[in-house]
Amino acid sequence: MLRGDGAHAASFDLASDKAYTVVTIGATHNDDSISAMVKRMGANPTAFWGLANAGGLGKLPRVSLIVGGLRIKVGNEVVGGIGVSGGPGIDDDEACAKAGIDKISAHLK
């Protein structure tokens, strides 16, 4: 793991949680990114996922619905996840995760 200058110390944990979330929870609806999960939720994620309920996703450890997690796939098979946190803008984390996957994609066979 790496942490950029100015990124909060909690970025390590949050990045790991994003990768975990997109691999485990994303599999439910075949979502390849947390942004796809959030988009599907629409304007009311609390109602969609039951986050306000005791049994909702908000109560599960390591679950994060903050954009920045992508599934890593070889063909159609999920082989892992990448999570990025600490970017200065809301879309920066996911863009950085995609750049990381793009960088290693030639080695994913």
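Between Met41 and Leu108, 0.36 nm times their residue separation minus their Cα-Cα distance comes to what? Can you show the working numbers first?
Working: separation 67, 0.36 × 67 = 24.12 nm, distance 3.06 nm.
Stretched out fully, the Met41 to Leu108 stretch lengthens by 21.1 nm.
Among the aspartates and glutamates, select those whose C-alpha is under 16 Å from the C-alpha of Lys59, and discard any that sit fewer than 8 residues away in the same chain.
Asp17
Please list 62-70, 101-109, 32-40, 74-82 highest first by mean number of surrounding beta-carbon atoms within 10 Å per residue.
Values: 62-70: 22.9, 101-109: 9.8, 32-40: 18.1, 74-82: 13.2.
For the peptides 62-70, 101-109, 32-40, 74-82, the packing ranking is 62-70, 32-40, 74-82, 101-109.
Stretched out fully, how many nm does the piece from Thr24 to Leu60 gain, at 0.36 nm a residue minus the Cα gap?
11.8 nm
The numbers here are math on the coordinates, done by the rules we state, and not lab data. The model shown is predicted, which means the values in this text are computed figures rather than measured ones. Quick reminder, even Gly has a Cβ in these numbers, built from the backbone with ideal geometry, and neighbours come from all protein chains shown.
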